[in-house]
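Please treat every number below as a calculation from the coordinates, not as lab data. From a predicted model like this one, the values you see are computed outputs, not experimental measurements. Counting neighbours? That spans all protein chains shown, and the Cβs are built from the backbone with ideal geometry, glycine included.
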Amino acid sequence: MAQIGSHKTIIVLDHSPYFAHSSNQLFEYDVLSKIKTPGIIPAAPITKSLWTVCVETVMEYLRVVYDIFPIKKLVRVVTGSEVMNSWAQKDQNVTIVMNNLAVVGPPKEDEVEEYDVVQGLTKAIEVMCQPSDLQHTLRTSLTDEEAYVDNRGRIICLTNLKSDAQIRMLEGCVSDALNEHSSLAEETDNRLPINFCELVLIHVVPVGDVAKVSERAKHEVSPNLMSEVHVSQSGKFLYNKMIQLVMEHYNLASTTVTGIPMKEEQNASSSANYDVELLHPTETHQDLFNSGNAAEGLIVPSKEGLGINTVTLKWCTPKTNTVEIPPCTTAHRITPVDVNSRPSSCLTNFLLSGRAVMLEQPRKTGSKVISHMLASHGGEIFIHTIPVTRSILEDPPSISEGLGGRVTDYRIPDFREFMKENRLAPALPSMISEDRETPLERAKKHLERTSRCWPMVISETIIFNMASHIDPLPRLIVKEKLDEDDVLECKKAIYHVVGMESRNEPLPVTALGSRGKGPKREEQYRQMWSELETLVRLHANTSPLHQMILDCLLECKKPEDSKTSPKKGEKSVHKEEKMEVSEAEKSWKDIERYQKMTEREKQELNKGDYSEESGPTTKRMRSGSEEPLVRSGGGQNLLSLWTNRIKAVHSMQHVQFAGRAEGEGKAAVLYKQLQEKENEAEATDPPAASKR
């Protein structure tokens, strides 16, 4: 379906006798009265009729549209049953409309006013059904995807409304005429049915009169008709209202060029600064508003009294050399708000002579910022947008200039593939009807699944750097539904990693730098298994088949060693195996040091310190808890084992001396057993001993 926004606009002028009345807007036309020559009586001011004021404001509306949109934006004028121009491009100009309105002439007070406005609105609906050249071209080149051309339009009616009931009557007449002509247009080939119409009623009263109706916001009359009511006094008030409407209908914005140096009309030797307000499409200020706080202080109320806001830009030194003109991003036609004023005329002639004027943003502090430029091309004046930040014509900025710019190992190729996998496409009608869930919600869920575990930096991941070894597990695990073949492929990838670990193959781990060593291979595999488990566990709740993959991974993964420190006196077997080589070397060094000692040092080392003053010490067995010969930081070494063995052998090769074992004090009784025998003999045979 080809849609053309604001393509057709029809202006209906009420030609009833009421518009022959005065507008009550006074106009000074006697220029000699400004000289104030004595003896000359100035002429009295004149007033224009309501018809004249309406025609002039309509011409201003047409001028703005034709200056900014010379093609594709079409406007036709209807008064009563007469049409002033056609949809052809050659009739879209102010001159033809003015000439035809001159033929119609102003209304007369004795004319009959019955159904004049209704006839004009009905004629406007009939005119809207006529296809324009662009619509005819689109209709003859329709494809299967574009079944028809969208025919939309707007009707602006300048009239005098007597009551709210008349407003409802006019809205009903337009709705009935729209449905009737659309039905007739469907039966013919040279007409187009109206898909949508916007009705704008402008209630015009003389200056100073009180309006009998009130304004109404835009509301729906029927599914294909919207209506709104505006109230305005005649004269300059109606002109301001029409400028506001043309800006709203065609999405226009205002720019005021300030500080234009211009010579005085009365005194050519002096100059003064003037301001000129211009109209153009709003895209000109898009970059200005997107730059955040850059537009603060630039937006002020219109100096022409239009009731709109305008952006103020300051005049800069004109340039004649096109080489000095900076690159621009947009260019749009402009038109002055007051085309007949002297400042507007001087600015227009200056630009048409081939000069280019730079416009800067007025700032109190800091350097000036040039954001726009005025220049003419082919007899038409354009306003150009100059990028105030980075130009879109330059190379894209380096990633190091933004947030996280110091990181240089982003997974840019992988992110490119990630974006391709998550591209959006228009949904087919069958996709919408098959499932209650909208395609947008399905797309969001797919994006969430694929981004649950997606490291941004190469150095933060191992499994995504070894895609050739674990494929297709990362690609299959993010799927919403798996089959038996997918589970089998994922298990094969896990078994392949187990085989790599058993063969002690290296992993693709990025180097930490030019100096230092990376983690050991065993630590690399531990990190790899941990990261792989995290990836699979995040998707394990998706379906039972996903849980099967997690169970297979946990079965193949080695259990982690206990990280708790051993208690005092306990030594881990795994730790002894790892320290076996270093402890053996240290033990051999202790043995060599022991062999280099003298005999006396060896005796003192084996027997301990001996003091003659303290007397003989009790000979006792050395316990295994004594301090070893040579201290070691780890477990028992070869020297300590050998020393303990020698101590145990020596302790079993002697019997403790009885005198030392049973003696009391420092004096020991020698041959105590002989004394005991003598005592026993004396006790058994005392007489024999006396005879002798």
D (µm²/s, integer) via Stokes-Einstein for the range 8-250, Kirkwood Rh across alpha-carbon pairs, 25 °C, 0.890 mPa s: value 127 µm²/s
Rounded to 0.05, the calculated FRET efficiency for the beta carbons of residue 41 and residue 71 at R₀ = 51 Å is 0.45
With 0.36 nm assigned to each residue of separation and the Cα-Cα distance removed, residue 353 to residue 180 gains 57.0 nm
Toy charge model, Lys and Arg Cβ at +1, Asp and Glu Cβ at -1: the range 8-250 dipole around Cα centroid in debye, rounded to 20, equals 980 debye
Using alpha carbon positions and the Kirkwood radius, the Rg to Rh ratio of the range 126-262 is 1.08
Along the dipole axis of the range 70-138 (charges at Cβ: +1 for Lys and Arg, -1 for Asp and Glu; origin at the Cα centre), the most positive-end residue among 85, 102, 122 is 85
Here, GluC sites (Glu not before Pro) of the range 51-109 satisfying both criteria (DSSP loop; at most 12 other Cβ within 10 Å) are 109
Given backbone amide H placed at 1.01 Å from N, residues whose amide H is under 5 Å from that of residue 24, ignoring those fewer than 5 places away on the same chain, are 48, 207
If the chain between residue 523 and residue 104 were fully extended at 0.36 nm per residue, the gain over the current Cα-Cα distance would be 141.3 nm
Per the rule of 0.36 nm per residue minus the C-alpha distance, extending residue 224 to residue 491 adds in nm 90.0 nm
Ordering 231-240, 307-316 by per-residue average of other C-beta atoms within 10 angstrom, highest first, gives 231-240, 307-316
Quick calc of log₁₀ I(q)/I(0), the range 186-253, Debye, one scatterer on every Cα, no solvent, q values 0.23 1/Å, result -1.04
Candidate cut points under GluC sites (Glu not before Pro) in the range 165-216, DSSP loop plus at most 11 other Cβ atoms within 10 Å of their own Cβ, are 187
Of the listed links 72/236; 73/218; 162/218, those spanning more than 27 angstrom between alpha carbons are 72/236
